[in-house]
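To keep things clear, I will list the structure first and then write my remarks on it.
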Amino acid sequence: MSRLKKYSAVILSAGRSLRMGRPKMMLPFDDSRTFLDVITERYSHFGCREIVLVVNAENSPLANSVVAKKRVSVAVNTHPEWQRFYSVQVGLKAMKEENPVFIHNIDNPFVDGELLQKMGAALPAKGYVVPVFQGSGGHPVLLSAEVARQIVASPDPFVNLKMFLKSFGRVEVESENDNVLVNINTMQEYLKFKEQKELR
């Protein structure tokens, strides 16, 4: 667990999951936990002061019910059709504290506490950190408090997030696990994930 620094986390789950046929946050990770359960548990264990789940309006009642007993708040993205940048803005604006923030996709149910620690240690004051596996950038992304402030202050919700971040210092942290590259967008990808997970 991180004791020396304060962190927060934004979990992005505002997509409509049309290809999946159900909210991704409710996908079973194992026999007793959903993707959302696993992600929030691990960020909480890491020591994140705040965890904000960003959802669309349709899934808001469900989200509020499933996080009722968790140390998680829900922020509603009323325009899920807009770009990723806006979803990040919605999550950051819901934060009560200004801390470095992990941005995590709900379609990647893996959170590695050791990797998070390495990312935190590498974070520049006015930049961000990306985990990399064999040359490919993955998730989550860790934003410094300054970068988070700049995103919140941006008047344009249609900015491309990757382009916006080019204005800040990027630090890459090597990951030994390809889980940082996982994106589960379809039922076929989910079934493949389940098969591989059971074999590991």
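Values in this text are rule-based calculations from the coordinates and carry no lab data. The structure presented is a predicted model; accordingly, all values stated were derived computationally and were not measured. Heads up, the Cβs are rebuilt from the backbone with ideal geometry, glycines too, and the neighbour counts pull from every protein chain shown.
Its Cα centre serving as origin, the range 1-85 has a Cβ charge dipole (Lys and Arg +1, Asp and Glu -1) of approximately 320 debye. Each other residue within a Cβ distance under 14 Å of Ser65 adds +1 if Lys or Arg and -1 if Asp or Glu, for a net charge of 0.
With +1 on each Lys and Arg Cβ and -1 on each Asp and Glu Cβ, and nothing else charged, work out how big the dipole of the chain is about its Cα centre, in Debye to the nearest 20.
On the way: 26 positive and 21 negative charges, 88 e Å.
Charge dipole of the chain: 420 debye, to the nearest 20.
How much net charge surrounds Asn177 when only other residues with a Cβ under 10 Å from its Cβ are counted (Lys, Arg +1; Asp, Glu -1)? Numbers along the way, then the final one.
Details: positive: none; negative: Asp112, Glu114, Glu176, Asp178.
Neighbourhood net charge equals -4.
The residues packed around Asn160, meaning those with a beta-carbon under 11 Å from its beta-carbon, carry a net charge of +2 if Lys and Arg are +1 and Asp and Glu are -1. Note on the chain: dipole from Cβ charges, positive end direction compared against Asn183, Val76, Phe193; the farthest Cα belongs to Val76. When the trypsin sites (Lys or Arg not before Pro) in the range 60-114 are filtered for DSSP coil states and for at most 16 other beta-carbon atoms within 10 Å of their beta-carbon, the remaining sites are Lys69, Lys70, Arg71, Lys96.
Can you work out the FRET efficiency for the pair Ala121 and Ser167, with r the C-beta to C-beta distance and R0 = 30 Å, to the nearest 0.05? For R0 = 30 Å, the calculated efficiency reads 0.85.
In this structure the amide hydrogen of Phe102, modeled in the peptide plane, comes within under 5 Å of the amide hydrogens of Ser8, Ala9, Val10, Leu143, none closer than 5 places in sequence on its chain. Taking a ≥ b ≥ c as the square roots of the eigenvalues of the Cα gyration tensor, the range 34-175 is classed as oblate, since a/c reaches at least 1.5 and a/b does not exceed b/c.
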